[in-house]
Each structure stands twice: as C-alpha cells, then as structure tokens.
1. Please report the relative contact order for segment 291-443, taking Cα pairs under 8 Å with a sequence separation of at least 6, and give it as a percent rounded to a whole number.
2. Do the sum for the chain: with -39,500 (n - 2.57) for every DSSP H run of n ≥ 4, divided by all residues, what is the mean residue ellipticity at 222 nm, to the nearest 500 deg cm²/dmol?
3. Working from Cα positions, state the angle (0 to 90°, nearest 10) between the long axis of helix 23-36 and the longest principal axis of the chain.
4. Quick one: longest stretch of the chain between exposed loop GluC sites (Glu not before Pro), exposed meaning at most 15 other C-beta atoms within 10 Å and loop per DSSP?
5. Which of the three applies to the chain, rounded, prolate or oblate, going by the alpha-carbon gyration tensor with a ≥ b ≥ c and a/c under 1.5 meaning rounded?
6. Which of V195, V41 has the fewest other C-beta atoms within 10 Å, and how do the rest follow up to the most?
7. Just to be sure I follow the rule: in the chain, considering lysines 8 or more places apart or on different chains, how many pairs have Cα atoms under 19 Å apart?
8. Measure nothing but the geometry: give the 0 to 90° angle between the long axis through the Cα atoms of 205-218 and the longest principal axis through the Cα atoms of the chain, rounded to 10°.
Amino acid sequence: MDLLRRKQSHQDAPDAVLLPGNEDEIATVLRYCSQHGIAVVPFGGGTSVVGGLDPIRGSFAAVVSLDLRRLNALHWLDQISMEAELGAGVTGPDAERLLGEQGFSLGHFPQSFRFATIGGFAATRSSGQDSAGYGRFNDMIRGLTVVTPAGVLDLGRAPESAAGPDLRELFTGSEGVFGVITRVRLRVHPIPESVRYEAWSFPDFATGATALRAVTQIGTGPTVLRLSDEAETGVNLATTGRIGEQSVTGGCLAITLFEGSAAHTESRHAETRAVLAAHGGTSLGEDPARAWEHGRFDAPYLRDSLLAAGALCETLETATTWSNLATLKSAVTEALTSALAESGTPALVMCHISHVYPTGASLYFTVVAGQRGDVTQQWMAAKVAASEAISRSGATITHHHAVGADHRRWMTAEIGELGVKVLQAVKQAVDPAGILNPGKLIP
Ligand SMILES: Cc1cc2nc3c(=O)[nH]c(=O)nc-3n(C[C@H](O)[C@H](O)[C@H](O)COP(=O)(O)OP(=O)(O)OC[C@H]3O[C@@H](n4cnc5c(N)ncnc54)[C@H](O)[C@@H]3O)c2cc1C
C-alpha cells in the first residue's frame, strides 16, 4: 500500500530528519518536542507497509522523523548465556555480520531483512521466515531499553520473571507510539553446523495444511515450514517451468528446512519427512527448497515492474486457528475477488502459510489485478473488504505487518473498547503530550 501511494501521489515529508547518536540525545529531542508541540516519528529501516512512518502532524504544528541508523552497535554478546544486546538501528544483515564474527546468529529473516532494523522488528512484533525454528522476533527478545518522553525504561532483567505483568510485551509492538526503543537484548544461537532442505508436493491446500498442522503439533522441529496454495504454486510453475528436477503439474508446494547440529538436524528431518509422507506429501527433493532460500528476499522487487506494466500487486496477511483456517482463506479470497471484480478487473489471489503454531497459522495473500481508475482507491476498496472479512472471521487484522495507520480502524474490533482505553492510559503515562507517532496504532 505504501509503495502504491508513493507511486500515485506526492509524498508528505517530515519537517526535519534528526539522527541522534545516543539515548541522551533522544531524551533531549523528546523533551524539546514535548515542550514545543512537535510530533516525532521514530524511523528504523523504513520498510513499514502499513503507513507506520507517515509523517502525520496530528494536532501539532510540525513533525520530525527520528532516524535511528546511528544506533548501530553490537553492545555485547554473552556467549555463555547466548544473549546479545544490539542497537535499535542495526539492520538485519549487520546483525548477522556482527554476531557472525563471533560465531553466532540471530536467525530472524523477514522478507524485509535487507533493510529493516532491530528496533523496527521489536516495534512491530515482526516474524521472520525461520519462525518455525527460532520463533517470532518477540520470542527472541530478552530485554529492551526504551526512551520515552516521561523517562527511560530498562525492561527484562532475567530470562523469565514473575514480577508482575511483562512490561516488555507492552513495548514490543508499540510501533513508536509509547517510546523509542534504543537497545534490544536478544536470544542468539551458534551458527548452525548443518542445514538440510526438502520440498514437498501436496495434492491440494487442505491436505498440505493438515500435514503442516501435524508437524507443528507433534513438534518435529523444522526451522522453516511453509506451504503455497494451488494458485501460488501455479505461478511458481509458470515462471520457472518446473519445480526442481521434478515434472510437477498442479498441487501445492511446501518447503522445509532444518538447521542445527548434524545429528539434531538429521533426526528432526527424518521425523518431519515421516509425518509429511503419512499425510499425503510427495518429496520433491532438495533443489526447490534451495531455490526458495536463494531467492527468498527478491519477490518484492517484482512489484515495481508489475506496477509499471499496468498491474496492481498487493499483499496482506492475517492468522487464525487451524480449525478456522479454511473458512478464513475462502472469506478473504472471495472478498478480494468480488471487490476487484466491481472495479472492472479479474484478480489472481494467491496465498501461503509461512508461520505455524501448535494452535494455528498465518495466511499471506498476494493479489494481482489490472489497474482501474484511481489505483489507490481501487486497492483501498479491496483491502477494506478483505479486512472486514478478516475481522468477521475472528482472525487477527495483522500477523506481522503491524497496525500503523492502515489497520488502526480495526483495532477496536481486535482488542475491544476497554483494550483501547488501556493503550490510551499507557500513552498518557509515557507520552503525556502525545507527540510520538500520532495517527498510528491507537484508534
Ligand atoms: C518487501 C517487504 C517485505 C516484508 N516482509 C516482512 C516479513 O517477512 N515479516 C515481517 O514481520 N514484516 C515484514 N515486512 C514489514 C516490515 O519490514 C516490518 O514491519 C519491519 O519490522 C519494520 O522494520 P523497520 O526497521 O523497517 O521499521 P520502520 O518501517 O522504519 O518502522 C516501523 C514502525 O515501527 C516504528 N519504529 C521503528 N523503529 C523504532 C524504534 N527503534 N523504536 C520505536 N519505534 C520504532 C516506526 O515509527 C513505525 O511505526 C515487510 C516489508 C516489506 C517492504
């Protein structure tokens, strides 16, 4: 949506871009902006796709962007506890490089990996492609330092604690409205000594989803586990002509990947294969899984070419329980197809599962259609229809893209009016002048 807006109309700019180098400077900026009524938008890697960085002034006279790129240090790595503290501005590749120099890895690989930052991951409850093995970013967080207009919070002093509600969770996913995350303490692991790959074909999405559920609920432990539906698999086949060495027609492609010590990787791989085969899967060997890993950050760049060629290409994502997954998928597909048909174009709606949990999974939709009229309005109508379908189905409005400005109107349905009041009360406590990221997250 952000890309579409930028292509279609002029872009609002902040009145200034500030590049603080440390927490004292951030505290000074927040104090000054609170006193002078200036809105502040924390800026990580700039990859938000939900309007999270829009320079909305709200009721303020000016808005500044607080670019956190200078907070780019690995502060420490405790090799015994396997914990590291990274600055909020460290990008995905730099995190892997800095940890890798000492033989460690974070294992957080969202598709925005190349640009997004540690602070941005924390602020949006990001989920990477290896989430089956290493968890979501919020699972990795052991502690946070947050500079708010009201003072500094240093949260998380032990691996786990019973000292009241976990305040780390309040700031994880706070999208810059409560404070500026400056440092994140994270669980890390040694660079894996062994990696195994295997791709699978399932006759249809329902069969594949049941197989993924079995793997997840039994807990056989893949690092990556994902499944494309028939439409997405079809596009893969059409663009590559084949899947690996196999001649496959139709069906649904699943990818598995295993990392760890050689013995542990081997045993998890063997157990997972047995479950997938027992649930109707046919092995396609290593190549398609290696090919997926090789190109896994590239697909978004296609959107520029598609837009230039007159196609609308957008994505949205959600999550629900396993028992509600098929209903949700149909409801969202129908909502998107109908809304785009009304604008005068057929639509290709593709879907995949890329994040799995014992009780449910995410659904990620990619939509391609012809551009008709005002394309931002055209997509907005489809996006609203899909979001209403998600909300009616009892699923979450976002599994990992976050709320930003675009999903804000569905937050009351998501957490209830009392939930919104709780967020407003926290905002009042930490940001009494309301300068931080107005127009985002909190309705
Ligand atoms: C091509 C593409 C693919 C993507 N794939 C994924 C994916 O696989 N998984 C996924 O989870 N997300 C994905 N995203 C969404 C996006 O990358 C994530 O939301 C990411 O976590 C944002 O990180 P960032 O550093 O770019 O933050 P930004 O985009 O700069 O900021 C995001 C929000 O967090 C706030 N913020 C940023 N840094 C801080 C800070 N230090 N303190 C307080 N607030 C802060 C901002 O104000 C903003 O509201 C994708 C985006 C794109 C463009």
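1. Across segment 291-443, relative contact order equals 24 percent.
2. Dividing the helical sum by the residues of the chain leaves -11000 deg cm²/dmol.
3. 60 degrees
4. 287-443
5. Here the chain falls in the oblate category.
6. If I rank by nearby Cβ atoms, fewest first, I get V195, V41.
7. Working: K7/K383; K329/K383; K383/K440; K421/K440; K427/K440.
Close lysine pairs found across the chain: 5.
8. 70 degrees
Every number in this text was worked out from the coordinates using simple rules, so none of it is lab data. A quick note: this is a predicted structure, and the numbers were derived from the prediction, not measured. Here Cβ is always computed from backbone atoms with ideal geometry, including for glycine, and neighbour counts include all displayed protein chains.
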